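**Student:** Below you'll find the structure I mean.
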Amino acid sequence: MQGHDYRRKLMTAEQAIGLIPSGAKLAMGLGVSQPPALLRALADRAEAGDVGALRVYYLLATAIAGETVLRHTLRDRIRAMSLFHGACERSLDALAAAASLPAIDLMPTAFSQAPRLLSDWVGIDTLLTTVSPMDENGEFSFGTNTDYALACSRSAQRVILEVNAAMPRVRGDCTVPLSRVTAIVENDRPLLNLPPAPRRAADDAIGAIVAGFAEDGDCLQMGIGALPDAVCAALGGHRRLGIHTELMTPGLAALMRAGVVDNSAKAIHRGRSVFTFAMGDTAFYEFLHDNPAIEAHPVDYVNDAAVIARNPRMLSVNATLQIDLQGACNSECVAGRQYSGAGGQLDFVRGASRSEGGRSIIACHATAANGGVSRIVPRLDGPVTTPRNDTQIVVTEHGWADLRGKSLAERARALILLADPSFRADLDKAAWQAARNG
């Protein structure tokens, strides 16, 4: 019966996209799970004028989406609703500005709230995402991207899947049954490969400082990029580490391969590395495939601060763009323009702070723009991603400061010492003026 139902739902990308009416609210898979055949067919249909007034909700677009449904020439038919900006949105915004079009709109949210936002508050009616081939139980694994896809698969009227043999089958709470699927499109092709970001001396310096906070038996959460990669590279001498992270990376996988991570000290999911989305290269995706030491779960579970806190000794490491002299962090905007998003930073800052023996680390380079701009600033240029009340340990290549138990004046003095020396005098003046003005 399953085979019959599968064949009945199997169709071309054009046929599947033809099921979507004008005015639909679509959730598109995050990152690696963005389905190329479906997105190309949707863009072609919109360009032909056969469908319009669509809204596409998503986090972290890739070039696959940028070249199809998000391109600025389709703005009058497909409205992009980003929950997290990245390089794709920054590039598209530049093209839109040249064409006198508005930037891609951002819907601010914590990553942990994305499933409820899309399913309950927005009320998406269609899910488009990539999955692994169906297993013997009639289930498709979301593979690299359970995040908000699981909730959307349970609430959407239409669940349209692009089945790709390259998508790893991952264990955990991360599958959708054939009975919930509206249409299936088969498209085997290599998954998006994310090359490692080049590391600089400042990254390795920060990585060494952060690794100094790690102890055997800690449970890790890491972000993406050169800085977290440097931290992972510096953890090789540790043992019995665990992983409970929103993002699984090749750096974390390398710690598993080396035996540094065995998840033996975790209180929940002992023996398992837990994540909600993953990005890396082909070898990394092969490592994820049917690995009994790895589980994927939805983001409203993985990023729930109460769940995070159940693991003792959480070590959460996140990057930011700016830190003010009171300890507040802006991780979203540069010079008043949307650059990134809140993601799960505050989820893990608060979860780690509630964990027994947990530590939350916010790390950044001391400068940006080739040393021309300080990341330690008197006042933030953008929104507060992590409030000063929540910030714990701050690290730059010049050292670290634990802000817990420090007054505003003490915080300012500690943070100024983390700034590049060329900016410290001006920051001293700003701190003195702020204290004078009360």
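The values are calculated or read from the model by the stated rules, or taken from the named source; none is laboratory data. If you're wondering where the values come from, they're calculated on a predicted model, not measured in any experiment. Every residue, glycine as well, gets a Cβ built from its backbone with ideal geometry; the counts of neighbours run over all protein chains shown.
Conditions (1) buried (at least 24 other Cβ atoms within 10 Å of the Cβ); (2) over 18 Å from the mean Cα position of the chain (by Cα); (3) in a loop (DSSP other than H, G, I, E, B); (4) not aromatic (Phe, Trp, Tyr), marked per residue:
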residue	(1), (2), (3), (4)
Ile124	yes, yes, yes, yes
Thr129	yes, no, no, yes
Asp135	no, yes, yes, yes
Ala151	no, no, no, yes
Glu162	yes, yes, no, yes
Ser179	no, yes, no, yes
Pro190	no, yes, yes, yes
Pro198	no, yes, yes, yes
Ala205	no, yes, no, yes
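**Student:** Can Gly351 be described as over 18 Å from Ile393 (Cβ atoms) and within 17 Å of the chain's Cα centre (by Cα)? Can you show your working first?
**Tutor:** Details: over 18 Å from Ile393 (Cβ atoms): no; within 17 Å of the chain's Cα centre (by Cα): yes.
The answer is no for Gly351.
**Student:** Answer with yes or no whether Val185 is within 24 Å of Thr62 (Cβ to Cβ), in a strand (DSSP E or B), in contact (Cβ under 8 Å) with a residue 24 or more places away in the chain and in contact with a Ser or Thr (Cβ under 6 Å, 6 or more places away or on another chain).
**Tutor:** In short, no.
**Student:** Provide a single number: the residues in the range 208-260 that are touching a strand residue (DSSP E or B) at 6+ places or on another chain (Cβ under 8 Å) and not in a loop (DSSP other than H, G, I, E, B).
**Tutor:** Summing the residues that are touching a strand residue (DSSP E or B) at 6+ places or on another chain (Cβ under 8 Å) and not in a loop (DSSP other than H, G, I, E, B) in the range 208-260 gives 17.
**Student:** Now for a different question. Given the conditions (1) in contact with a helix residue (DSSP H, G or I) (Cβ under 6 Å, 6 or more places away or on another chain); (2) surrounded by fewer than 20 Cβ atoms within 10 Å (Cβ to Cβ); (3) hydrophobic (A, V, I, L, M, F, W, C), which single one is not true for Ile268?
**Tutor:** (1)
**Student:** Something else about it: Being part of a helix (DSSP H, G or I), in contact with a helix residue (DSSP H, G or I) (Cβ under 8 Å, 6 or more places away or on another chain), of a type outside the set (Gly, Ala, Ser) and buried (at least 19 other Cβ atoms within 10 Å of the Cβ) narrows it down to one residue among Leu70, Leu39; which is it?
**Tutor:** On the way: Leu70 fails: part of a helix (DSSP H, G or I).
Matching residue, one of Leu70, Leu39: Leu39.
**Student:** Can I ask one more? Within the range 375-393, does at least one residue satisfy the condition of being free of Cβ contacts under 8 Å to residues at least 24 places away in the same chain and assigned to a helix (DSSP H, G or I)? So that I can check it myself, show each step before the final result.
**Tutor:** Of all residues in the range 375-393, those free of Cβ contacts under 8 Å to residues at least 24 places away in the same chain come to 389.
Filter once more, so that each one left must be assigned to a helix (DSSP H, G or I): none.
So far as the range 375-393 goes, no, none of its residues is free of Cβ contacts under 8 Å to residues at least 24 places away in the same chain and assigned to a helix (DSSP H, G or I).
**Student:** Under 9 Å by Cβ, and 6 or more places apart or on different chains, what pairs join a residue from the range 1-20 that is within 14 Å of Pro177 (Cα to Cα) and touching a residue at least 60 places away in the same chain (Cβ under 8 Å) with one that is assigned to a loop (DSSP other than H, G, I, E, B) and hydroxyl-bearing (Ser, Thr, Tyr)?
**Tutor:** Lys9/Thr182
**Student:** Between residues in the range 23-41 that are without any contact (Cβ under 8 Å) to a residue 40 or more places away in the chain and residues that are in a strand (DSSP E or B) and surrounded by fewer than 23 Cβ atoms within 10 Å (Cβ to Cβ), which pairs lie under 9 Å by C-beta distance while being six or more apart or on different chains?
**Tutor:** Between residues of the range 23-41 that are without any contact (Cβ under 8 Å) to a residue 40 or more places away in the chain and residues that are in a strand (DSSP E or B) and surrounded by fewer than 23 Cβ atoms within 10 Å (Cβ to Cβ), the close pairs are Gly23/Leu54; Gly23/Arg55.
**Student:** Do we find a residue being acidic (Asp, Glu), out of contact with any Cys (no Cβ under 9 Å at 6 or more places or on another chain), in the same structural domain as Ala369 (by TED's automatic domain parsing) and under 28 Å from Leu403 (Cβ atoms) anywhere in the range 298-308?
**Tutor:** yes
**Student:** Does the range 230-252 contain any residue that is buried (at least 23 other Cβ atoms within 10 Å of the Cβ), over 19 Å from Ala352 (Cβ atoms), outside the structural domain of Ala149 (by TED's automatic domain parsing) and not acidic (Asp, Glu)?
**Tutor:** yes
Conditions (1) free of Cβ contacts under 8 Å to residues at least 60 places away in the same chain; (2) surrounded by fewer than 19 Cβ atoms within 10 Å (Cβ to Cβ); (3) in a strand (DSSP E or B), marked per residue:
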position	(1), (2), (3)
Asp290	no, yes, no
Glu295	no, no, yes
Asp300	no, no, no
Leu315	no, no, yes
Gln326	no, no, no
Gly341	no, no, no
Ser360	yes, no, yes
Asn370	yes, yes, no
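**Student:** What's the total number of residues in the range 71-100 that are closer than 15 Å to Leu128 by Cα and out of contact with any Leu (no Cβ under 6 Å at 6 or more places or on another chain)?
**Tutor:** 1
**Student:** Tell me, yes or no, whether the range 88-97 has at least one residue that is surrounded by fewer than 17 Cβ atoms within 10 Å (Cβ to Cβ) and closer than 18 Å to Leu39 by Cβ.
**Tutor:** For the range 88-97, residues surrounded by fewer than 17 Cβ atoms within 10 Å (Cβ to Cβ) and closer than 18 Å to Leu39 by Cβ: present.
**Student:** Which of (1) under 27 Å from Gln34 (Cα atoms); (2) touching a strand residue (DSSP E or B) at 6+ places or on another chain (Cβ under 7 Å); (3) in contact (Cβ under 8 Å) with a residue 40 or more places away in the chain does Lys266 not meet, given it meets every other one?
**Tutor:** (1)
**Student:** While we're here: Cβ contacts < 9 Å: first residue under 19 Å from Glu332 (Cβ atoms) and without any contact (Cβ under 8 Å) to a residue 60 or more places away in the chain, restricted to the range 64-85; second residue assigned to a helix (DSSP H, G or I) and of a type in the set (D, E, K, R), any location; separation 6+ or different chain. Result?
**Tutor:** Taking only residues 6 or more apart or on different chains, the pairs are Ala80/Glu89.
**Student:** Give me a count of the residues in the range 399-437 that are assigned to a loop (DSSP other than H, G, I, E, B) and either crowded, with 18+ Cβ neighbours inside 10 Å or not assigned by TED's automatic domain parsing to the domain that holds Ile361 (or both).
**Tutor:** Result for the range 399-437: 4.
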